[in-house]
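K.L.:
After the structure tokens below, expect a handful of questions from me.
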Amino acid sequence: MLGSAGAFREALLQENRRLTVASVTPLRGATRSKYPHPRYAMNRHSEAFDQWIRGRFVELNTTLEEVYFQEEDRQAIEGVGGDEKRALHDEGRELIAEVLQHADLHRSFDDDFDLLGNVGLYMGACERHGITQIGRDARSPLVEASALAMQLGASLDMAPRFVASHFGTHNRVVNGHGRRFTSLRDDDLFFDYNTRSVFLYKRAAESLFRIRPLGLSHEFTLELLTSVRDTLEKILALNKVLFRDLDVDRFFYSVRPYFKPYRVGSQVYRGGNGGDTAAVHVVDLILGLCRANHGFYASMMHEKLPFLVPEDRAQLRACMRHESLFDGFMKQVNEGGSRISLPNLKMFLEICDLYGRVAAQHHDELVNRFIERPSSALPQVRMEHLTTSGPPLSAVLNALERLRDLRLAADRKDIPSRRQDLDRLKALVPKPGG
Ligand code: HEM
């Protein structure tokens, strides 16, 4: 006899079988006129695949997530939802094989990037549901998807997998549907807030880029710095909402697992994560709290390059050539301090303080609440592949902690923290009422 979770699962599976028939059939005949794309035309095979990714694929993933979530061990996904997993694999494979055979590739960056996102979502979902397993397969059994992803990756000069911007800054909405794995509320919430933050970081980065030609003492520099401060305050506020509204279990068990590493051909590529944007590093480097000549930090940026869209890569390279604001102020101090604009310095120090708080919020609140604490309850056997980048969680947490402490200018001797420099600059600013 089925228990209530079993009955629930059976009902979901039946509903999904009904959807299989209803929603797949029309795809076979998809034409451009039935499915207009606002920005550019795809050929009908890519269109059919895109339509499947935005509809049926989301339904299948959502059904599977609902089923796993009812299980006593939510990570025991083996042997559950066999029909849905088969449908996901077979339908996706058939559509991808058509695209591979008929694709009119290399039309524009946007076309190829979108298609890479779609193939990547398919491959990421197959890994999430255990259809492929990096620990078991020496090569990806998704032969057609691997071939298409590698072709696109080579054409775009990027990692041949989906990356964070496929969900964020480059997530085109078609007929009301953006690109998502599931239709779960927490999937939307996480990516919407992440994307809002990324756009705000980009705004802050843009203001910081504009300071160098003006110099540290310009009155417009104060306006640009003020805009950076206001932007960071908005990020702090957004993260508070995410902390409050995101459901811990849903994020941990139903959203995060899609961001695991997977194989393309024989090569394992790490998962895309919300931090794959240049803007955060532009802020780090132009402020000067982190430095590109620090091995730990430089290797992190270097590793990130294939996961960034070209405009982000160009920004990252450009900001490495900038003298940081921190170094600029220190130079003025070492020259006697007479050239320093105190209002500008005061605003810079306010930004450093705020930026440290945003970094601490990411690590001590978001990472702690949504990753560290739920994973501490897991048995050892379930601790594998918890991180998007691949290393064990403890190693990732350690690296995130170092980043937090660089941004906080913490009092640590084992990292090139700017604590002492910060104290020297702070000593120049008169205390309120002093
Ligand atoms: C529920 C919310 C969040 C959680 C649980 C979370 C968790 C994580 C984790 C675990 C990593 C390390 C990934 C790995 O190497 O495996 C990471 C990296 C990163 N995340 Fe988040 N994150 C969240 C929200 C955000 C938001 C809103 C942003 C804003 C853009 C962001 C920006 C970053 C950045 C930039 C990195 C790269 C490391 C760094 O430079 O600090 N995260 N995050």
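K.L.:
Hey, which lysines would be in cross-link range of Lys234, C-alpha to C-alpha under 17 Å, not counting anything within fewer than 8 residues on its own chain?
P.N.:
Partners within reach: Lys202.
K.L.:
Shifting gears a bit: I'd like the Karplus ³J(HN,Hα) series for segment 413-430: coefficients 6.51, -1.76, 1.60, θ = phi - 60°, whole numbers in Hz, and an x wherever there's a Gly or Pro.
P.N.:
8, 8, 9, x, 6, 9, 3, 5, 4, 4, 4, 5, 5, 4, 5, 7, 8, x
K.L.:
Given the -39500 (n - 2.57) contribution per DSSP H run of 4+ residues, what per-residue ellipticity at 222 nm results for the chain, rounded to the nearest 500 deg cm²/dmol?
P.N.:
-18500 deg cm²/dmol
K.L.:
Between segment 146-174 and segment 323-368, how far is it from one alpha carbon centroid to the other, in angstrom?
P.N.:
36
K.L.:
Let me ask something else about it. At 7 Å along the Cα-to-beta-carbon direction for both Ala399 and Ser227, put a label point, then send me their distance in nm to one decimal.
P.N.:
Modelled inter-label distance: 3.3 nm.
K.L.:
Sum up the charges of everything whose Cβ sits under 11 Å from the Cβ of Leu325, counting Lys and Arg as +1 and Asp and Glu as -1, but leave Leu325 out. The partial results should precede the final answer.
P.N.:
On the way: positive: Arg212, Lys331; negative: Glu323, Asp327.
That sum, taken over residues with Cβ under 11 Å, equals 0.
K.L.:
Whole-Hz ³J(HN,Hα) for each residue in segment 285-291, computed from phi via Karplus 6.51 cos²θ - 1.76 cosθ + 1.60 with θ = phi - 60°, x for glycine and proline: what do you get?
P.N.:
7, 6, 4, x, 6, 10, 10
K.L.:
Roughly how many debye, to the nearest 20, is the charge dipole of segment 165-207 about its Cα centre, given +1 on each Lys and Arg Cβ, -1 on each Asp and Glu Cβ, and no other charges?
P.N.:
Here segment 165-207 has a charge dipole of around 140 debye.
K.L.:
For segment 154-238, what is the convex hull (Cα atoms) projected area averaged across all directions, in square nanometres? Walk me through the numbers before you get to the answer.
P.N.:
Values: hull surface 32.8 nm².
For the Cα atoms of segment 154-238, the hull's average projected area reads 8.2 nm².
K.L.:
Taking only Cα atoms of segment 103-182, what ratio of Rg to Rh do you get with Rh as the Kirkwood inverse-distance radius?
P.N.:
Radius of gyration relative to Kirkwood radius: 0.98.
K.L.:
Rank-order 214-224, 48-58 by packing density, defined as the average count of other C-beta atoms within 10 Å over each peptide's residues, highest first.
P.N.:
Working: 214-224: 15.7, 48-58: 22.6.
Peptide ranking by packing, descending: 48-58, 214-224.
K.L.:
On average, how much area does the Cα convex hull of segment 246-324 cover when viewed from any direction, in nm²?
P.N.:
7.0
K.L.:
Roughly how big is the chain's charge dipole about its Cα centre, with Cβ charges of +1 (Lys, Arg) and -1 (Asp, Glu), in debye to the nearest 20?
P.N.:
Dipole of the chain, to the nearest 20 debye: 880 debye.
K.L.:
Rg and Dmax of the chain, Cα atoms, in Å?
P.N.:
Final numbers for Rg and Dmax: 23.9, 84 Å.
K.L.:
Between Phe209 and Glu72, what's the calculated FRET efficiency when r is the beta-carbon distance and R0 is 41 Å? Round to 0.05.
P.N.:
0.20
K.L.:
Rounded if a/c is under 1.5, else prolate if a/b beats b/c, else oblate: with a ≥ b ≥ c from the C-alpha gyration tensor eigenvalues square-rooted, which is segment 277-434? Present the calculation step by step, with values, prior to reporting the outcome.
P.N.:
Numbers: a/c = 2.66, a/b = 1.69, b/c = 1.57.
Here segment 277-434 falls in the prolate category.
K.L.:
Once phi is turned into θ = phi - 60°, what whole-Hz ³J(HN,Hα) does the Karplus curve with 6.51, -1.76 and 1.60 give for every residue of segment 268-273, x standing for Gly and Pro?
P.N.:
8, 10, 5, x, x, 10
Read-outs: derived from the displayed coordinates by stated rules, not from any lab. Note that the coordinates shown come from a computational prediction; the quantities given were computed from them, not determined experimentally. Cβ atoms come from the backbone with ideal geometry, glycine included; neighbour counts cover every protein chain shown.
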